[in-house]
Amino acid sequence: MKPTTYENENEEKLILEQKEPEIRETKKSIPFWSEDPNILFHPKYMFEFFPVELMSYEQKLNAITRTILVLSVVGLTIYKSFRMLIIVFITLLAIFILHYYHEKDLQKMGSKEKFETIKEGFANPALQVIESKRETIPSQVFSQPDSSNPFGNVLISDYDYNVDKKPAPASYTKSGSDSILASAKQAVSEANPDHPDIADKLFSDLGGNLQFEQSMRQFTSNPTTTIPNDQGAFADFCYGSMISCKEGNKFACARNLTRHTKY
């Protein structure tokens, strides 16, 4: 029995998913030729002449440079013109400038995103480490959203039947938001058993999905979603960095002076 087209596509996707970490690592490790000119003649990459989608930006520029050098050698052999050298030099200079400004834009975007994150107060060092190392959080750490409780908040019934409730996953991440939306849509389907295709009718177009996502804005996960709740950590989050005169902080004590104004 021959495999179907669907099975072949699944196999190709599985192979790409397995090789994705290797591809990402390769993208990071290939420098631009201005940093290491030997990369143009490296045995592993010397036959890359055309940029493809899987290549990194530096790898694509290296491939274009390699092609230009080969064509320049052929052109000099045929025409033997000094003008050819000038054209090659200008082209390589243009590629170098393109890479320079690309790196500059990346640095600006990185610093801007970092500034916006710190300014808004949403910095999460632990999450940044996990994302930078591309590590996956084990599923048993958090309680998974379901149609009866998409946001993973503590229910009254949990005090009797789920006394060791795990915390809800972060709802502000892409995966967390997608899981909550999927669970909420499932809840709509289960609430209308007489209409089995109601999900297809409500969420089949962009407008319906956008309206449904906007209707979810007023629902959130509570600060504590475990039993028992972690009051100590929540209090430390709210008031842990606040200074007080009782602990001997001179700046806090100065606020009690009559000449000190709070406005």
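Values in this text are rule-based calculations from the coordinates and carry no lab data. Given the structure is predicted, the values throughout are model-derived calculations rather than measurements. For neighbour counting, all protein chains shown are included, and Cβ atoms are generated from backbone atoms with ideal geometry for every residue, glycine included.
Taking only the alpha-carbon positions of the stretch 161-231 and ignoring solvent, what does the Debye formula give for the base-10 log of I(q)/I(0) at q = 0.12 Å⁻¹? Debye curve over Cα of the stretch 161-231, log10 I(q)/I(0) at q = 0.12 Å⁻¹: -0.44. The mean sequence distance of close C-alpha pairs (under 8 Å, at least 6 residues apart), as a share of the length of the stretch 139-228, puts its relative contact order at 40 percent. In this structure, the pairs whose alpha-carbon distance is over 30 Å, taken from Lys44/Lys104; Lys108/Lys250; Lys166/Lys246, are Lys108/Lys250; Lys166/Lys246. Modelled spin labels at Ala233 and Phe89, positioned 7 Å past Cα toward Cβ, are 6.4 nm from each other. Length gained on full extension, Leu210 to Lys44, computed as 0.36 nm times the residue gap minus the Cα-Cα distance: 55.1 nm.
Sorting the segments 67-77, 211-221 by their mean number of nearby beta carbons within 10 angstrom, highest to lowest, gives 67-77, 211-221. Legend: P(r) of the stretch 198-261 from all alpha carbon pair distances, 10 Å bins from 0, whole percents, reading 16, 21, 17, 20, 14, 9, 4. A crude spin-label estimate for the pair Ser29 and Thr77, with each label 7 Å from Cα along the Cβ direction, gives 3.3 nm. Measuring r between the beta carbons of Ile68 and Ala199 and using R0 = 35 Å, the FRET efficiency lands at 0.05.
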